[in-house]
Amino acid sequence: MRPDFQPWTPERMQPRSPWSPGGTELQVPLTSLWLVGALLSLMGLGIAIRLLWFQIGPNWELARRDLDRTVARQWRYYTVPRGVIVDRNGTLLAGNRFVYQLDVVPAGIRDPKKVAESLAEVLGMDERYLLRVLTLDAQVVMVAPRLTKEQREKLFKVLNTWYKQDEEEAPIDVKNWDIFRLTPKLERVYPYGDLASNVLGFVSQRDDVEVVGGYMIPEVGNFGLEGYYQSWLYQPPVREVVAYDPFSAPPESVRLPEDAPALVLTLDAAIQAMAEDILEQALETYRARRGVILVLRPKTGEILAMAMAPRPNLSDYDDVLRFLREFEGEGWNWAVSHAYEPGSVLKPLILSIALETDTIEPDFVYEDTGLEQPCGGIAPVRNWDWSAHGTQDLVGCLALSLNTCFANIARRIPRSTLLHYLEAYGFGNLTGVDVDAEVNGLISVNTCVDHSRVGFGHAISVTPLQLAAAMAALANGGRYMRPYLVAYRFEDGEWVPVGRPEIMRQVISEETARLVSRFLAQALKADSYKNAVVPGYTLAGKTGTALNPGDPEDLLDATMVGWGPVGDPQFLVLVWLEDPKEQDGWASLTAAPVFREVVQRLVVMLGVPPDRPVGEQAAQAVGAGP
């Protein structure tokens, strides 16, 4: 029987004497009672502390960790939006969207077959896989790592129907509201799929959660900008203490940081898309294995486009994995991760070094016999057409792209001097561009053979970006500008400049740079390179075709680099095609037409007006050669 408690009143603090019905009131001072109560409380506290000491001993750190683990089970984590990436005009290239992870408690499933059948229809998943997962001997299983909002709403309708059924008819335990758990989280999204995918990189879609430095790391950037800026784009999750409710706390209501970080690129999405479309068509037309197109501003180092084909679709994770398997070991972004022997396209740079160091004079004359033996009978040098061209000045050597002439010039330059200037042009070193996994290439001038071969673009390996940056220095009066992709980043509510025009060094004098450009202009005599001419514009450039014996199948590399207008360069375009099988692979017949098509569309997009009458050809500066 429940005791009959009487309400407390102050009078009850003065009890009647048990010895007399009428009794005499006991006179007990209140102060004494308080002192006794305080003493008893202190004794109880001391006993409790002593018992706690006996239980855990002096290892307070262990007790603290146990407490942390207990409390951690009550935290709910909300992923914070990863920093977005936009082009120079604000076009979103990489953003975020909400998805939901679906976990299920198998013990609450009464009819796994029926539940699997319904979930397969709603989620678009394999019924056999769902049945296997729902019958696992586990407390909780993950059924789907990322459901869309639409799938979430469909699932709610199905669950609502089940929970309204009688207990005997429902395929789940209707008394248990903790069977289906939906956890909101953020997922990386690329609105344009494969646009600039080689520049952006991708975020690993982890179904587990890695703990690094005390923080949950559910996503890791790989390659490109995502990898290079991983520590900056990623933000630690927000934590809240909540009682678990699988149908509460939609992600839209979570208090997230107001100012998510952002990267603003120098890329122009429209120019990038144009270059990618032209490159894809070129691979098909010339049956090339792969290729790269770069568009830079020579005066600033800004990269307007860094196109690559083939490339993965970042919206399709399976396609990303397929790409990685197909090109395993070949890098993610070939503009910075693939180094190759460029061939004749390097000749203008060799000429600039020889003129800058007074190794030769501008009126240099070479007698071409079709054969040059700079190292005696070892590794003789022949022209690309195996012909002799007689007496030639420097314009003729450029126009006919004579290997013999430039092997002779290279051998005249002291090895240490040649190496110094090649390194000043950026070869053998990283450009420092802000993407992940860049390689530095190699230079070899240690032997007589390599010393001569570097004159026509062999015994040296370069990346497409290294080559473009070096030629941009020649176009920009000898000033080497650091190429960069990120212009600004937004953090803490402010725009912070990241990249800006920066003169790294003066490689050659402006006078020498102008002289080489003039020689290139006069080299227009070679009609075989009319494929690169754009009517109305004075362009400088050079082609190069090289057989790379280091490749598994001795692949050909066809390259064209050009800029314009020569008097006031507004752009530089590089085209690289690997192993084109049409037109015998010659760059003048493959890379040059691609270069022309890019420039024809680029001058319109950039608003660059013609610098000479459309019918005028004499001032055109496209060097001849293979």
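The values are calculated or read from the model by the stated rules, or taken from the named source; none is laboratory data. Model, not experiment: these values are computed from the prediction. In this analysis, Cβ positions are derived from the backbone assuming ideal geometry, glycine residues included, and neighbour counts consider all displayed protein chains. Note: areas computed on protein heavy atoms with side chains; ligands, DNA, RNA excluded. Shrake-Rupley method; radii C 1.70, N 1.55, O 1.52, S 1.80 Å.
Miscellaneous remarks
- Net length available on complete extension from R110 to D166 is 18.9 nm, with 0.36 nm assigned per residue and the Cα-Cα distance removed.
- Mean-position separation - Cα centroids, the range 145-173 and the range 485-535, in angstrom: 61
- Taking Cβ atoms as reference points and 12 Å as the exclusive limit, the residues near S315 contribute a net charge of -3, counting Lys and Arg as +1 and Asp and Glu as -1.
- Close amide H contacts of N96 (hydrogens built in the peptide plane, cut-off under 5 Å, sequence separation of 5 or more or a different chain): V189.
- Inter-probe distance in nm under a simple model that places probes 7 Å from Cα toward Cβ, at E284 and T447: 4.4
- Scalar couplings 3J(HN,Hα) for the range 113-118, obtained by applying the Karplus form with A = 6.51, B = -1.76, C = 1.60 to θ = phi - 60°, are 5, 5, 5, 4, 4, 5 Hz; x denotes Gly and Pro.
- FRET efficiency for the pair R88 and D126, taken as 1/(1 + (r/R0)^6) with r the Cβ-Cβ distance and R0 = 56 Å, rounds to 0.80.
- Local electrostatic count, R188, Cβ distance below 10 Å [Lys/Arg +1, Asp/Glu -1]: -1
- Pairwise centroid distance, computed over Cα atoms, of the range 99-132 with the range 403-442, Å: 60
- Virtual spin-label span in nm between V141 and R97, 7 Å along Cα→Cβ: 2.8
- Around L279: net Lys/Arg minus Asp/Glu count, Cβ-Cβ under 13 Å: -3
- Sites K149 and L547 - FRET efficiency at Förster radius 56 Å, r taken between beta-carbons, to 0.05: 0.55
- Residue order for I378, I413 - accessible surface, 1.4 angstrom probe, largest first: I378, I413
- In plain terms, the chain from D385 to V158 could stretch by 74.3 nm, reckoned as 0.36 nm per residue minus the Cα-Cα distance.
- Between the beta carbons of W495 and E330, assuming R0 = 30 Å, the FRET efficiency works out to 0.25 to the nearest 0.05.
- Kirkwood-type radius of the range 80-145, with distances r between different C-alpha atoms, in Å: 14.2
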